[in-house]
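Structure, as structure tokens:
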Amino acid sequence: MKKSKILLGTVIIAIVGLITVVAADHIDAPAAKGTTADITDFYAFQGENTSNLVFVANVQGLLAPTATAGASFDENVLVEFNIDTNNDNVEDLVIQAIPRDGKMYFFGPVAPSTTGLTSSINSLILPSSVAITKYGSNAVVAEANGMKMFAGPRDDPFFMDFARYGEIIGGKATAFNNPGTDTFKGTNVLSIVVEVPKARVGGKGKINTWVETKVKQ
Amino acid sequence: MKFNFIKYTTAIVITSLILVSCSKKDNDSEPLGPDFSGTYMQKDQMGRPAVNTVFVSANKKDEFNVTVPSQQNAKFQSMFETNLKGLSPAFANPGDKNALGQDAAAFTGLLATDVLNVSLDGKTTFFDGVAANTLSGRALADDVITVELILIFGGEDGLTNSENPTLSDDNVSANDKDFLTSFPYLASPW
């Protein structure tokens, strides 16, 4: 009886381990995987106030509730929202977000001093900031310069049967289950949410946008 | 005389000590904000969901992350096309298209530049069934994976009559918590 319980426990741990490994591909590249610079998802959508656009960057995915209080933004990691307003896929504007001592500081939207793989923060720009919400507390939101800001743990908004997808790609299954199982159910991420007037990110028409994490050298 | 020498020397030394310590104190008492100096180097990037995960070969995933979007198409489109045909062999047939009317080259030409296209003029969604709204943003509730699966595996009539119905929907269509209608929009953590 006891032995079968142990065996069952081992099997469950093995299954959970397998799912975690497979799901960790959501964290896609080896160099970023498991680091504080892991981007899990990026969203950009019209706000409740339709004159505004909302950007969401999530990092450090697959946080179990028990691990969430201990997770924190890294002061060496700059999160940069890139905005291309003339369709050449080069950023014309950036919104930079970086934490210091319990607060998330936001710079921009502003033209970057340089485009591409390296960034610096223009110390002449006055940042806006919001206190980083602690796990278990109500969301702390700040408003400044027409922007709304949030930073802190949230439910991972992504949903997918990633484990089954991994089995299909790995040749272990040929079809999705119905119903499927949300691999990200019950897990959290660290989120940065910023809402800005559309007028400050291009005004009208289409923009191209992407998010980057950059590590201090 | 000697006494005066000692007196003045001592006075000078003490004065200089005071001056030095004063100037040091002046520096320390300046209202210094947080230090944002330094150079920050690219580690990870993302535009559309799951693009690196699905279309980039394992040995290129890091390289993709440090290639600026304006250079991604030239560097990676052919790899995307090869990998798409590996996933969904129908795309290798001449004239085969997805539900957006794109053949393998056109579809991977779109995807290889990993940016999110966003409309500033109205509805923002990855895909909602209305052609004009396609790739006008990514909203929290968008079932982006099913959309991508339809475009990869569904064929020309993927939206209504998929060529591979059991591969065109992961049958997870909504988040495990309701989103908020107001800022910050994402649900509270578990």
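If you go through the stretch A:174-217 and keep only what is under 20 Å from B:ALA139 (Cβ atoms), surrounded by 23 or more Cβ atoms within 10 Å (Cβ to Cβ) and out of contact with any strand residue (DSSP E or B) (no Cβ under 6 Å at 6 or more places or on another chain), you end up with just A:PHE184.
One residue is enough: does the stretch A:179-192 have a residue meeting the conditions aromatic (Phe, Trp, Tyr), assigned to a loop (DSSP other than H, G, I, E, B) and in contact with a Phe, Trp or Tyr (Cβ under 8 Å, 6 or more places away or on another chain)? Scanning the stretch A:179-192, I find at least one residue that is aromatic (Phe, Trp, Tyr), assigned to a loop (DSSP other than H, G, I, E, B) and in contact with a Phe, Trp or Tyr (Cβ under 8 Å, 6 or more places away or on another chain), so the answer is yes.
Pull up the stretch A:146-157, narrow it to residues that are assigned to a loop (DSSP other than H, G, I, E, B) and touching a Leu at 6+ places or on another chain (Cβ under 9 Å), then point me to the one that is surrounded by the most Cβ atoms within 10 Å (Cβ to Cβ). Among those residues, the one meeting the criterion is A:ASP156. If only residues of the stretch A:69-102 that are surrounded by fewer than 22 Cβ atoms within 10 Å (Cβ to Cβ) and charged (D, E, K, R) are counted, the one that is nearest to A:ALA44 (Cα to Cα) is A:ASP92.
The rows are residues; the columns are (1) free of Cβ contacts under 8 Å to residues at least 40 places away in the same chain; (2) closer than 18 Å to A:TYR165 by Cβ; (3) in a helix (DSSP H, G or I).
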position	(1), (2), (3)
B:ASN52	no, yes, yes
B:LYS60	yes, no, yes
B:PHE64	no, no, yes
B:MET79	yes, no, yes
B:ASP96	no, no, no
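Note on the stretch B:107-135: residues that are within 17 Å of B:VAL54 (Cβ to Cβ) and either basic (Lys, Arg) or in a helix (DSSP H, G or I) (or both) total 6. Can we say A:THR114 is of a type in the set (Val, Ile, Thr) and in contact (Cβ under 8 Å) with a residue 40 or more places away in the chain? In short, no.
Being assigned to a loop (DSSP other than H, G, I, E, B) and of a type in the set (A, V, I, L, M, F, W, C) is a property that A:ALA97 lacks.
Just so you know, all these numbers are worked out from the coordinates, no wet-lab data involved. Keep in mind that what you see is a predicted model, and the values were worked out from it rather than measured. Ideal geometry is used to build each Cβ from the backbone, glycine not excepted, and the neighbour counts take in all protein chains shown.
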